[in-house]
Amino acid sequence: MVKIDELGDWRRTHRSVNLSPKLEGQQVTVMGWVSSIRRQGGIIFLILQDSEGVVQVTVKTGKTPESVLKRVETLTPHSVVAVKGKVKAIDKAPNGAEVSPEEMRVLNVATKTPPFSLFGGELPNIDKRLDIRSLELRRPKAQAIFRIRHTALAAIRDFLSSTGHLEVQTSKIIASATEGGASLFPVLYYDKEAFLVQSPQLYKEQLTMSFEKVFEIGPVFRAEPSRTLRHLAEIISIDVEEAYVSYTDVMETLEKLVHHTMKTVAEKCKSELKELGVEVEIPKLPFKRLTYTEVIDILHDAGDRTAWGEDISTAATKKISEIYPSFYFITDWPTDAKPFYIKPRTDKPEISESFDLMKGSLEISSGGTRLSSKKLLTKRLKEQGLKPRTFEYHLKLFDYGMPPHAGFGMGLDRLMMIITKEENIREVTLFPRDRLRLSP
């Protein structure tokens, strides 16, 4: 039986990326998991991987302490180890340096081999990989995706904070539907029926009464039965709401936010993008604006029969994307096609002050001017077959003076699909949830 060592008082002094020929002769402590063990005569090359990269640990018969040699003999790929030793400059080693080990602790031994290689070769489909997701995330490409996601999130927060938006967190358990419809996950809340939130929409509207400009980055839940490469039951939504503006103002905020995020990723994630073999296409500002009516006319010219007032299908947006492959807005949607809180135009009530942001055929955001009149909001609820009393907790606040306001919600996961050029949304989500998957 393999002896497992305690971590004890050992602590890592250097990560893989910190090693270099400049540290020649310096003692270091490195830690990670074994990605490969290669024997060449009396030399064993132990490749140790941490979350930043790889370290070459070179074990030599007759030079390396016998205690270390014995520990190396017990190792299997993916075992977790800690190594103390001195740095030696070697041109062919990662970062031009290797570690000559003096002491080793085996912190855990892998007793199984993954059903597929994490470091090359053909991969099984995403569903099989998700079964061992945390292990699968050791793949360099998977690591690159989520490092990019981290950078994108930081860029989004930095941008919105710099424009005066306050980050908020709202409840994810609600008493009634946010947007109406039946695509809700019911939960038992003590002795009452409640639901997982579809959107923080009504909460963020209410918060403009006090804070004027707010944003939230958090999960929302959609109990839709579809299972496509673009849909999940749980997504991370970037929600923004501002007082004293209209939809034209928040469209400018949104396009600048996307531009800033993609520019930041391009500048800060060069090695990760190289690992993925992609380049970030930094969009030019401003984004193209097309009205819903203009889109319908373009579709008709292309032979599509979508009638005015109907939703624009994925197949139809693919035709539009052939003309506009980059980012573009579709504005001024039919009022009946949008949620009850979207404001109809004063001059043409059948058209709303609304927009969708598209990248090619992929919708990544929607938003618009909100209704700030209790009377009109109540009217819109009734028109959509919803009961105003169900939304009384929201409507009563309008008695205290709701400012004019507008906002949008953007899917982080879809934005990540665009940045990384991944076609399956599950690739850019750590633990995706859909109709068929509830674990891990």
>> Just to check your reading of the model, which residue among Thr314, Thr331, Thr346 is surrounded by fewer than 18 Cβ atoms within 10 Å (Cβ to Cβ) and under 18 Å from Val245 (Cα atoms)?
In response: Thr346
> Hey, among the residues in the range 84-106 that are of a type in the set (A, V, I, L, M) and out of contact with any Asp or Glu (no Cβ under 8 Å at 6 or more places or on another chain), which one's surrounded by the most Cβ atoms within 10 Å (Cβ to Cβ)?
Replying inline: Val99
> Any residue at all in the range 243-255 that is in a helix (DSSP H, G or I) and in contact with a helix residue (DSSP H, G or I) (Cβ under 9 Å, 6 or more places away or on another chain)?
Replying inline: yes
>> Show me the strands (runs of 3 or more DSSP E) entirely contained within the range 11-107 in which 1 or more residues are small (Gly, Ala, Ser).
In response: 27-40, 80-89
> Leu290 passes all but one of (1) aliphatic (A, V, I, L, M); (2) over 22 Å from His231 (Cα atoms); (3) buried (at least 16 other Cβ atoms within 10 Å of the Cβ); (4) touching a residue at least 60 places away in the same chain (Cβ under 8 Å); which number fails?
Replying inline: (4)
>> Being under 25 Å from the mean Cα position of the chain (by Cα), assigned by TED's automatic domain parsing to the domain that holds Trp308 and either at pLDDT 95 or above or more than 25 Å from His260 (Cβ to Cβ) (or both) narrows it down to one residue among Ser352, Ser439, Ser373, Ser361; which is it?
In response: Ser361
>> Give me the residue from the range 31-53 that is touching a Gly at 6+ places or on another chain (Cβ under 8 Å) and crowded, with 19+ Cβ neighbours inside 10 Å and, out of that set, farthest from Val72 (Cα to Cα).
In response: Gln49
> Restricting the range 54-82 to residues that are of a type in the set (A, V, I, L, M, F, W, C) and in contact with a Pro (Cβ under 9 Å, 6 or more places away or on another chain), which is surrounded by the most Cβ atoms within 10 Å (Cβ to Cβ)?
Replying inline: Val55
> Residues of the range 299-350 being touching a residue at least 24 places away in the same chain (Cβ under 8 Å) and aliphatic (A, V, I, L, M), which ones?
Replying inline: Ile320, Ile323, Ile330, Ala337, Ile342
> Of (1) of a type outside the set (Ser, Thr, Tyr); (2) assigned by TED's automatic domain parsing to the domain that holds Val245; (3) in contact with a helix residue (DSSP H, G or I) (Cβ under 8 Å, 6 or more places away or on another chain), Phe116 satisfies all except one. Which?
Replying inline: (2)
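Per-residue answers, yes or no, for (1) in contact with a strand residue (DSSP E or B) (Cβ under 9 Å, 6 or more places away or on another chain); (2) in contact (Cβ under 8 Å) with a residue 12 or more places away in the chain; (3) in a helix (DSSP H, G or I):
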position: Gly120; (1), (2), (3): no, no, no
position: Ser134; (1), (2), (3): no, yes, yes
position: Leu153; (1), (2), (3): yes, yes, yes
position: Ile156; (1), (2), (3): yes, yes, yes
position: Phe159; (1), (2), (3): no, yes, yes
position: Ala194; (1), (2), (3): yes, yes, no
position: Leu202; (1), (2), (3): yes, yes, yes
> Counting just the residues of the range 287-340 that are touching a helix residue (DSSP H, G or I) at 6+ places or on another chain (Cβ under 7 Å) and among the aromatic types (Phe, Trp, Tyr), which one comes out nearest to Ser365 (Cα to Cα)?
Replying inline: Phe329
>> Condition first: in the same structural domain as Ala337 (by TED's automatic domain parsing), surrounded by 15 or more Cβ atoms within 10 Å (Cβ to Cβ), modelled with pLDDT under 95 and of a type in the set (A, V, I, L, M, F, W, C). Can you find one or more residues in the range 243-265 that meet it?
In response: no
> Before we move on, is Gly385 modelled with pLDDT under 95 and either within 27 Å of Ala316 (Cβ to Cβ) or crowded, with 16+ Cβ neighbours inside 10 Å (or both)?
Replying inline: yes
> All but one of (1) without any contact (Cβ under 8 Å) to a residue 60 or more places away in the chain; (2) over 27 Å from Ser117 (Cα atoms); (3) out of contact with any strand residue (DSSP E or B) (no Cβ under 7 Å at 6 or more places or on another chain) hold for Gly85; which doesn't?
Replying inline: (3)
> Do you know which residues across the range 127-177 are within 21 Å of Arg222 (Cβ to Cβ), not assigned by TED's automatic domain parsing to the domain that holds Val245 and not aliphatic (A, V, I, L, M)?
Replying inline: Asp127
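The values are calculated or read from the model by the stated rules, or taken from the named source; none is laboratory data. Treat the numbers as computed from the prediction; the structure is a model and nothing was measured. Counting neighbours? That spans all protein chains shown, and the Cβs are built from the backbone with ideal geometry, glycine included.
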